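In what follows, a structure is listed as structure tokens, so that the remarks can point back to it.
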Amino acid sequence: MNRHYYISDNLDDLEQVEQELSERGISMEQMHVLSDNDAEMREHRLHEVPSMMKKDVVHWGKIGALIGAVLAVLVLVGGYFSGWTETAAGWVPIVFLAVILGAFSLWESSFFGLQRPSSDVRRFQNNLQEGRHVFFVDVKPEQEPVLDRVVGLHPRLEIAGFGSATPTWWLSLEQAWNRFRHMM
């Protein structure tokens with residue numbers, strides 16, 4: 001899948017683009033609008049970027065998990081070679097300390113990520129501060145002509161680049177979850 005970015009200053013136009021893409025087989029989970037104007041976004045039926053995706057939690061969480069794993073391995077190896085595992089307590093306190101260090105590293109780095117904007121937000125920060133909106137859509141190669149046709153009908157959309165898309169497996173999970181939610 002490929003991600004296409006577009007910039008617009010008109011949410012009505014973006015709402016029309018989303019509707020046209022949806023009618024032509026591109027699911028709502030593939031489209032997102034990033035905007036700093038939350039009040040105006042609520043007035044439109046747009047699929048906005050979830051607040052967690054606006055933050056860098058996932059990126060920093062991965063870094064924290066890696067650091068935590070390294071610390072946990074160091075504690076386990078250190079406990080083994082120091083002879084602490086030969087005591088009456090055995091491996092229990094060593095494994096407990098390794099788990100605590102791993103979890104703490106993940107937790108702390110996720111908090112750090114909550115304080116930083118995601119790469120998409122940083123990339124379009126100037127446009128967002130000017131009151132413009134970023135529309136991005138993840139499409140499969142066979143959906144590219146559909147996207148090109150619809151975007152061609154909306155001259156106010158500015159092409160803003162390309163990027164890596166949401167993994168297909170994640171998109172499938174999100175679609176299945178949304179179908180389940182609507183059935184319930």
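The values are calculated or read from the model by the stated rules, or taken from the named source; none is laboratory data. From a predicted model like this one, the values you see are computed outputs, not experimental measurements. Positions of Cβ are generated from backbone atoms using ideal geometry, with glycine treated the same way; all protein chains shown enter the neighbour counts. For accessibility, only protein heavy atoms count, side chains too; no ligands or nucleic acids. Shrake-Rupley method; radii C 1.70, N 1.55, O 1.52, S 1.80 Å.
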Worksheet item: Tilt of helix 11-23 relative to the longest C-alpha principal axis of the chain, in degrees (0 to 90, nearest 10)?
Response: 80 degrees
Fill in: Amide N of segment 141-180 lying under 15 Å from the label point, which is placed 7 angstrom from the Cα of Ala65 along Cα→Cβ
167, 170
Item to complete: Give the percent of DSSP beta bridges with both residues in the chain that are antiparallel, rounded to the nearest 5.
Response: 95 percent
Worksheet item: Do you know the relative contact order of the chain, to the nearest whole percent, from alpha carbon pairs under 8 angstrom that are 6+ apart?
Response: 45 percent
Worksheet, complete the sentence: In degrees rounded to 10, the 0-90 angle between helix 92-114 Cα long axis and the longest Cα principal axis of the chain is 30 degrees
Worksheet item: Scaled to the compact-protein estimate 2.2 N^0.38 Å, what is the alpha-carbon radius of gyration of the chain, rounded to two decimal places?
Response: 1.40
Discussion item. Considering only protein heavy atoms and a probe of 1.4 Å, how much of the accessible area of segment 18-99 is carbon and sulfur, as a whole percent?
Written reply: 66 percent
